[in-house]
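Shown next, in structure tokens, is the structure this report addresses.
The values are calculated or read from the model by the stated rules, or taken from the named source; none is laboratory data. In this text, all values refer to a predicted model and were calculated from it rather than measured experimentally. Using ideal geometry, Cβ is built from the backbone for each residue, glycine included, and neighbour counts are taken over all protein chains shown. For the accessible areas, the whole protein counts, side chains as well, though only heavy atoms, and no ligand, DNA or RNA atoms are used. Shrake-Rupley method; radii C 1.70, N 1.55, O 1.52, S 1.80 Å.
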Amino acid sequence: MTAEVKVEEKQVESEVVIAPAIVSEETTVKAIVEEEEVKAVEETKVEEDESKPKGVEKSASFKEESNFLADLKESERKALSDLKTKLEEAIVENTLFKKKKESSPVKEKKEEVVKPEAEVEKKKKEEEAGEEKVEEEKKAETIEAVVTEEIIPKEEDKKIETVVEKVEEDTKEEVKAENVEEEKKTEDVVVAEEVKAETIEEEEADESVDKDIELWGVPLLPSKGAESTDVILLKFLRARDFKVNEAFEMLKKTLKWRKQNKIDSILGEDFGEDFTSAAYMNGVDRESHPVCYNVYSEELYQTAFGSEKNRERFLRWRFQLMEKGIQKLDLKPGGVTSLLQIHDLKNSPGLSKKDLWVAIKNVIIALQDNYPEFVSRNVFINVPFWFYAINAVLSPFLTQRTKSKFVVARPAKVTETLLKYIPAEEISVQYGGGFKRDDDTEFSNETVSEVVVKPGSSETIEIPAPEAEGTLVWDILVLGWEVNYKEEFVPTDDGAYTIIVQKVKKIGSNEGPIRNSFKNSQSGKIVLTVDNVSGKKKRVLYRYRTKTETSS
């Protein structure tokens, strides 16, 4: 795993250790939780004050921008054009992963190598000139001695000559040694530079870019004119606030990361069944984004984080799942170009398992850096109180745009929160939806409707049964605290008696959805009555189907 994918574990661990310290300070955690809850209340107030269309309410938080060129601001269009020009030039000139030839550092360094040779030559000439000067001076002294009849004894003369010769010889040896040393250094520098040049050439050859280069099946060369290219480039621009150079660098790093980790071939890898319960794709949200569920459990911790090898394997498997999710997208203007991520922390091990949070952090950062704008929202559900401490630790490593997509729901608000983004019929029973069941033979794609029951009032839901013979099937789900509930069949004939299908009983969100059926022998209607005796409004979701002999 490369350094770009794997955050240094030492650094991460030292930061994650902060979390238990925060949690141990009860008042600090309480303050953090209270602050988050106040924010949540304020956001809820804003949502309730705004006029809402009929049906299940949606969140007014992060909103995805359009991918149509005509919908972009002038500055955004210019940024896109500049990025396309920069990318085209880099691909055509094969400089996407390397510098241009004219600025090659190898040539500059080879010129520097010549310099020491010139200096050695200069020094040699100076020393030769010095030797000639010494000879001239010696001759002058000899002549002067003869003229002045200054006779030196022969023995002393021999000694002096011996000393002079020895000095001259030593000097020559030293100069020769120095020259050899300089030549050796020069040769070493040249060899080192040649080796370095060969290495650079090999790396550049390895990082050459095919002009047909693609990313998620989309051609990156802008001149090919694929409209999907704009969609991909806009993702990188938005992730970097339309700063062209930063977006270009991010794109280069992503391409290099994918190449180094062989992401393009990851779909063909087999990871077995070890992680299948840790994350999976299931259904779509209200805006047709595929939904990915991430379940952090003690079981996952034991399987995925028992060793460094398992952690790396889990990380790679998670990238594979992301690639599978992207295959479900339509990377064209107006298409669905991102996923909805659900993170379930109900059975997560807690703060003590710091290696788990190290791995989660690595996943979040790698997805943020290499899959820009591929997540529409990150919804955290069943959030324990200590999550706010972990969030405080992770926060500095996330961009503001990433953090703006976070939605947090405590256990009591799971179903209500999910319903803001996902249709009730797409939410499974385990998350309080109950309208989506495996191998459901009663319902297929019937619409789920909603009724709001005000405090201290009752609401009725009528299911028509126009045929004299048939079967009626219905699902009903109450969000919030308990209500009184009953079911009756009321015949169309005034003289007929009302039939009690379900006596009055108390139901609440903890019970999940109620499914019942009634086979009628005469025309009429099923009446479901919801009596709200509390001081808060209640939301009731329901769907039904009338089956005749032919339809069943």
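Within the range 436-459, restricting attention to residues that are farther than 13 Å from L541 by Cα and of a type in the set (G, A, S), which residue is least open to solvent (accessible area, probe 1.4 Å)?
Checking each candidate, the answer is S457.
Which residue pairs have Cβ atoms under 8 Å apart, sit 6 or more places apart or on different chains, and have a first residue in the range 81-99 that is within 30 Å of F68 (Cβ to Cβ) and a second that is surrounded by fewer than 18 Cβ atoms within 10 Å (Cβ to Cβ) and among the hydroxyl-bearing types (S, T, Y)?
Between residues of the range 81-99 that are within 30 Å of F68 (Cβ to Cβ) and residues that are surrounded by fewer than 18 Cβ atoms within 10 Å (Cβ to Cβ) and among the hydroxyl-bearing types (S, T, Y), the close pairs are E88/S223; E89/T95.
Which numbered condition trips up G335, out of (1) under 14 Å from L367 (Cβ atoms); (2) surrounded by fewer than 19 Cβ atoms within 10 Å (Cβ to Cβ)?
Looking at each condition in turn, G335 falls short on (1).
What tally of residues in the range 57-105 results from selecting those that are at pLDDT 85 or above, charged (D, E, K, R) and not in a helix (DSSP H, G or I)?
3
Just checking, how many residues over the range 411-435 are open to solvent by 10 Å² or more (accessible area, probe 1.4 Å), within 14 Å of I476 (Cα to Cα) and part of a loop (DSSP other than H, G, I, E, B)?
1
Across the range 500-514, which residue is nearest to the chain's Cα centre (by Cα) among those that are open to solvent by 70 Å² or more (accessible area, probe 1.4 Å) and at pLDDT 85 or above?
K506
With under 28 Å from I427 (Cα atoms), open to solvent by 20 Å² or more (accessible area, probe 1.4 Å) and either in contact (Cβ under 8 Å) with a residue 60 or more places away in the chain or outside any loop (DSSP other than H, G, I, E, B) (or both) as the only criterion, which of V533, V527 stands out?
None of the others qualify; the one that does is V533.
Please pick out the residue among S307, S376 that is within 13 Å of the chain's Cα centre (by Cα) and either open to solvent by less than 10 Å² (accessible area, probe 1.4 Å) or closer than 23 Å to N261 by Cα (or both).
Going through S307, S376 in turn, the sole match is S376.
So R286 clears everything in (1) without any contact (Cβ under 8 Å) to a residue 60 or more places away in the chain; (2) within 25 Å of I381 (Cα to Cα); (3) outside any helix (DSSP H, G or I); (4) not small (G, A, S) except one condition, right? Which one?
(1) is the only condition that R286 fails.
Is it the case that some residue within the range 237-255 is of a type outside the set (F, W, Y), over 26 Å from L80 (Cα atoms) and open to solvent by less than 40 Å² (accessible area, probe 1.4 Å)?
No, because not a single residue in the range 237-255 is of a type outside the set (F, W, Y), over 26 Å from L80 (Cα atoms) and open to solvent by less than 40 Å² (accessible area, probe 1.4 Å).
For the range 344-373, which residues satisfy the criterion of being within 16 Å of S395 (Cα to Cα), open to solvent by less than 20 Å² (accessible area, probe 1.4 Å) and among the charged types (D, E, K, R)?
K361
Within the range 500-512, does at least one residue satisfy the condition of being touching a residue at least 60 places away in the same chain (Cβ under 8 Å) and either part of a loop (DSSP other than H, G, I, E, B) or acidic (D, E) (or both)?
Yes: one or more hits.
For S444, work out the one condition from (1) over 26 Å from G535 (Cβ atoms); (2) more than 26 Å from the chain's Cα centre (by Cα); (3) assigned to a helix (DSSP H, G or I) it doesn't fulfil.
(3)
Take the range 392-406 and flag every residue that is within 15 Å of F374 (Cα to Cα) and assigned to a helix (DSSP H, G or I).
Across the range 392-406, the qualifying residues are R401, T402, K403.
Find the residue count for the range 191-235, including only residues that are at pLDDT 55 or above, open to solvent by 30 Å² or more (accessible area, probe 1.4 Å), out of contact with any helix residue (DSSP H, G or I) (no Cβ under 7 Å at 6 or more places or on another chain) and hydroxyl-bearing (S, T, Y).
1
Could you please let me know if E469 is surrounded by 18 or more Cβ atoms within 10 Å (Cβ to Cβ) and touching a residue at least 40 places away in the same chain (Cβ under 8 Å)?
It is false that E469 is surrounded by 18 or more Cβ atoms within 10 Å (Cβ to Cβ) and touching a residue at least 40 places away in the same chain (Cβ under 8 Å).
Out of E462, E487, which single residue is modelled with pLDDT of 90 or more, among the acidic types (D, E) and open to solvent by 70 Å² or more (accessible area, probe 1.4 Å)?
It is E462.
Looking at G335, is it over 13 Å from the mean Cα position of the chain (by Cα), assigned to a loop (DSSP other than H, G, I, E, B) and over 21 Å from E298 (Cα atoms)?
yes
Looking only at the range 379-410, count how many residues are touching a strand residue (DSSP E or B) at 6+ places or on another chain (Cβ under 6 Å) and open to solvent by less than 30 Å² (accessible area, probe 1.4 Å).
Selection size over the range 379-410: 8.
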